[in-house]
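A short write-up of the structure that comes next.
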Amino acid sequence: MTSRTEILSRIRRQPLEQSPLPALDGPWISFADRETQFTQVVTGVGGKVRVREPRLALAELLLALPCMENAAQIVCTLPDVRLGNASLDDFPTPQSLAAVDVAILPGEFAVAENGAVWVTDRGLRHRAIYFITQHLVLVVPRHEMIDHMHQAYERLRFDKPGYGLFISGPSKTADIEQSLVIGAHGPRSLTVVLDGAPPGGAAS
Amino acid sequence: MPRVGLFVPCYIDQFYPDVGWATVELLERFGCEVEFPEAQTCCGQPMANTGCVAEARPLANRFVDIFSEYDHVVCPSGSCTAMVRHHYEEYFAEGAEHVRFERLRQRVFELSEYLVDVLGVQAIQGRFPYRVGLHQSCHGLRELRLGSSSEVVGPAFSKTRQLLASLDGIELVTLNRPDECCGFGGTFAVNEEAVSCMMGLDRLHDHEQAGTQVLTANDMSCLMHLQGLILRRRKPMRVMHLAEILAGRPGPAEMTATSR
Amino acid sequence: MATIELPVIHSKAADAFTKNDARAHWHDQALWFIRVKRDRLVHALPEWETLRERASAIKQHMISRLADYLEQFEREATRHGAVVHWAADAAEHNQIVLGILHRHRVQRVAKSKSMLTEECHLNPFLERHGIEVVDTDLGEWIVQLRGEPPSHIVLPAIHIKKEEVGELFHEKLGTRAGATDPNYLAGAARDRLRDVFLDCQAGITGVNFAIAETGGFVVCTNEGNADLGASLPKVHIACMGLEKLIPRAADLGVFLRLLGRSATGQPITAYSSHFHGPMPGGELHIILVDNGRSQILGSDDYRRSLHCIRCGACMNTCPVYRRSGGHSYGATVPGPIGSILNPARDPGKYSTLPYACSLCASCTDVCPVKINLHEQLLTWRRDIAAGGHLAWSKRTAMKIGSYVLNRPKLYGLAGRVGRATLRWLPRFLVYGPWNAWGKQRDLPPPPRRSFREEFRQRKSP
């Protein structure tokens, strides 16, 4: 008997009472001003949030970010922004990304409750870029801001192979005497740029 | 006029008779007819908490035999009340025994919840001009829910605090850790002596920084442990059971000068 | 390799830990600080108790249909291109890992925090087979370099002072002597571990949640170490206990809201990564490990311990854990939940753990998945006594106690004699080494008469 059959039959031998699977709607929190909430949380976990004013071009805003100052190698995968001096396709292996200083990547949506941004490896040659770069900039459409994680999973589908994650703040550790150190193994800084037209009116 | 069977935990019976009297006086003040059935000894918690079910069982049986005839059973201890309410079930699994126990179970109360929930007492007439630190004994707090615990999200309340706060002149202190365990824990106090005493001393330090003059609780067992530490270190702090304060026992005379 | 398993005597280890009073208090404060951070966040979330209820119900449902969900998970994960393995116990788990590593001629593997691999003692096993395992979570790496197990499941190095990390890194990494700045020390670790990430041939991670519906799984870290280990080398091995399963992806909405807040007082961990299948050109292996879980599943008393999401909140809140340190439990998972899981594995060895508890129930109230921890600890005491693992002295004391308490007259007599003895005995005879109560505490001043004696007089003056 293989372990698989053994484990499954051992479990099935236990007469367990069926218990129902609960629904996922609930009295979940909502925010009158999601951007403010989001910004507070991201700042609280050591990240930065920039909101692009309509009169400022995105590339201009990005170029002016502090992490760009002495950046030698910049990777940018935003479709409409010509910025950076390297394309991900120039790197044959994820290991060869080790020298990247700044990565500017799109984020799909942001969660006000916990300051998280959803990103994926769709169209991305190396998913390691999110972690190996010294500084990470995520550009999220301003209208793609939701209240909480339940709404996040309402929009996410995992029917194809792939990789996606919530990023909330830069890499960090508190493993030495609970002192917060920003930049553990991954990015030393995270900037979230909220881009595009402002969300229409107040949150419903 | 409810006929109340007074359930006095064994350590109160032996070491703190006045806590028993204070409970009697309070209950009589609010119109109860109090009886103390002398056949009672102990609810069996020390045995049950050591895992010795066979040794606890006869004591549980005795308890139900002795107290079933009363309208209500009142106990000046959250822990012993919780033992009966939450941990007797397994001794009375089914049948008539179970029915009899279930009927009794719903009529067993800790003192402060009896005053507030059953007798509807809102305030206590009296004066206690001291800075009082309330130790929220764990079983009363987290098993009987005499108050809200700091871990759980919801409206804050405390039946015990409400009663104390109604006394004239009392000042209830604010602690850094409002409901951390004092480390008594029954046989834990001797099995894990080092941790138990460290926990107790930490509670005392918290009360010291808060300015507690009189340390009170629903449970004399916690206070016995804390008192032991206080006496050994000659700390200027007194322990008094909740019932003693509510029944109007005088506070420590030497401290009144420093209180308002 | 046969080893003699000595029983863990928690009180002895705790006694030693508290001897260094300043350090024990430092440890207590560090963990209490996290409890306070957790409180601040959860009390700002009005729906907290609803989330706990929901999480508990989801886990209960999952466990009631675990076999079906495991099969569904395997089917979906395989569809995405992952290879699913089944391990009945720790030994089989380790063999599977070794087999995969051998097949790829792996010499160096980057491992992120996984309590399951700790439980299986994977590191020493792989090292015996010539494979270098580097724990890449900073705390885990610190304890690995020190040659000791983690003392906490979320904060592995919570018992270590920065001065000690400084000395350790000076010796092992050549950092400046006397350095204690956490930024500097963590920076040195970053540099060294970067090399490991770039150079390793496989990554091993744990699993926080595995989704039956989609065949994917989620790994949560703050450092990003799991993702580096799973995105640089081509081979990713994810090891999980059976109980990590959840039915639907949407259930993550509940669990991710609970996990970070409960674990470290963060709204969410920095990285919550969802893996569905291997990365292009890579390999993904998922190992489903039983190792005693199906046995716990069969127990009405302890089944709910399988709800555990390993957040560590019960440790942070436990007044005993905070003052005795994780190592005093002598097990991979310490604290309240460990004191339930370990006796299930070996009641003889871990018989003292359920007694390392004052039954304060704070763990039950803090647990994000509503495990009735303190009740299970009490139930364990019953099973330990029934199994003959209770010390003879305690057993006898309880037998005598019960005998006396069942006889009111004898009880009254014993009380009178006891109180009189206490009054007349000289202090040194009361407070000797035989009196554990009296080591640091006075006994209450014994009154002349008990309540019952006084009450009798009231009735018949």
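Things to note:
- Neighbour cut-off at most 11 other Cβ (10 Å), DSSP loop, chymotrypsin sites (Phe, Trp or Tyr not before Pro), segment A:107-204: none
- Rg/Rh ratio calculated on Cα atoms of segment C:210-299 (Kirkwood radius): 0.99
- Net charge of Cβ neighbours under 14 Å - reference C:Ser11; Lys, Arg +1; Asp, Glu -1: +2
- Within 10 Å of the Cβ of each residue in B:221-231, the mean number of Cβ atoms contributed by other protein chains is 3.
- Projected label distance in nm at B:Gln122 and B:Arg103, using a 7 Å step from Cα toward the beta-carbon: 3.5
- Backbone phi angles across segment B:189-197, fed through the Karplus curve with coefficients 6.51, -1.76 and 1.60 (θ = phi - 60°), yield HN-Hα couplings of 4, 9, 4, 10, 3, 4, 5, 4, 5 Hz in residue order; Gly and Pro are listed as x.
- When only Cα pairs below 8 angstrom with a gap of at least 6 residues are kept, segment C:1-142 shows a relative contact order of 13 percent.
- Of the Cα atoms belonging to segment B:105-260, the radius of gyration and Dmax stand at 15.2, 45 Å.
- Cα centroid separation, segment C:392-461 to segment C:157-188 (Å): 54
- In this rough spin-label picture, where each label sits 7 Å from Cα along the Cβ direction, the C:Lys439-B:Phe30 distance is 4.1 nm.
- Counting all C-alpha pairs of chain A, share separated by more than 31 Å (%): 31
- Compactness of segment C:311-461 as Cα Rg over 2.2 N^0.38 Å, two decimals: 1.36
- FRET efficiency for the C:Glu148 to A:Ala99 pair, using the beta carbon distance and R₀ = 41 Å, is estimated at 0.70.
- Size descriptors for segment A:97-195: radius of gyration and Dmax over Cα atoms are 14.0, 42 Å.
- Backbone N under 19 Å from the C:Arg79 label point (7 Å along Cα→Cβ), restricted to segment A:154-174: A:154-164
- Taking other Cβ atoms within 10 Å as a rough exposure proxy, C:Trp141, C:Trp424, A:Trp28, C:Trp26 sort from fewest to most as C:Trp424, C:Trp26, A:Trp28, C:Trp141.
- Cross-link table A:Lys160/C:Lys37; C:Lys37/C:Lys439; A:Lys160/C:Lys59; C:Lys12/C:Lys111; A:Lys172/C:Lys37, entries beyond 28 Å C-alpha to C-alpha: A:Lys160/C:Lys37; C:Lys37/C:Lys439; C:Lys12/C:Lys111
- Solution diffusion estimate, µm²/s, Stokes-Einstein, chain C, Kirkwood Rh from C-alpha pairs, 37 °C, viscosity 0.692 mPa s: 134
- Extreme residue, positive dipole direction of segment C:1-103, given options C:Asn94, C:Gln29, C:Ser64 (C-beta unit charges): C:Gln29
- Rounded to the nearest 0.05, the FRET efficiency derived from the C-beta distance between C:Glu71 and C:Leu410 at R0 = 51 Å is 0.25.
- Under the criterion of Cα pairs below 8 Å and six or more residues apart, the relative contact order for segment B:1-75 equals 46 percent.
- Förster radius 60 Å - calculated FRET efficiency between A:Glu60 and C:Arg448, Cβ distance, rounded to 0.05: 0.10
- For C:His10, C:His80, the sequence from fewest to most other C-beta atoms within 10 Å is C:His80, C:His10.
- Among C:Leu353, C:Leu245, A:Leu83, sorting on how many other beta-carbon atoms sit within 10 Å of each Cβ, with the fewest leading, yields A:Leu83, C:Leu245, C:Leu353.
- q = 0.09, 0.11, 0.13 Å⁻¹: log10 I(q)/I(0) that the Debye formula gives for chain B, counting C-alpha atoms only: -0.39, -0.58, -0.82
- Residues of type aspartates and glutamates that B:Lys159 reaches as a straight line, Cα spacing below 15 Å, ignoring anything fewer than 8 places off in the same chain: B:Glu110, B:Glu113, B:Asp117, B:Glu143, B:Asp179, B:Asp219
- Cα-based Rg of the protein assembly as shown normalised by 2.2 N^0.38 Å, two decimals: 1.02
- Given +1 at the Cβ of Lys and Arg, -1 at the Cβ of Asp and Glu and no other charges, the dipole of chain B around its Cα centre is 740 debye to the nearest 20.
- Excluding exposed DSSP-loop GluC sites (Glu not before Pro) (at most 13 other C-beta within 10 Å), longest clean stretch of chain A: A:70-204
- For residues of C:210-220, the mean tally of beta carbons on other chains within 10 Å: 2
- Highest-fluctuation residue, A:Asp33, A:Asp121, A:Asp89 considered, GNM on chain A with Cα pairs under 10 Å: A:Asp89
- Stretchable slack from C:Arg194 to C:Leu429, in nm (0.36 nm times residue separation minus alpha-carbon distance): 78.2 nm
- Chain C, helix-only ellipticity at 222 nm - DSSP H runs n ≥ 4, -39,500 (n - 2.57), divided by all residues, nearest 500: -15500 deg cm²/dmol
- In loop segments of segment B:80-169 as defined by DSSP, the GluC sites (Glu not before Pro) with at most 11 further C-beta atoms inside 10 Å of their C-beta are B:Glu94.
No lab work stands behind these numbers, since they all come straight from the coordinates. These numbers were taken from a predicted model, which means no experiment stands behind them. When we count neighbours, we look across all protein chains shown, and the Cβ atoms used for this are built from the backbone with ideal geometry, even at glycine.
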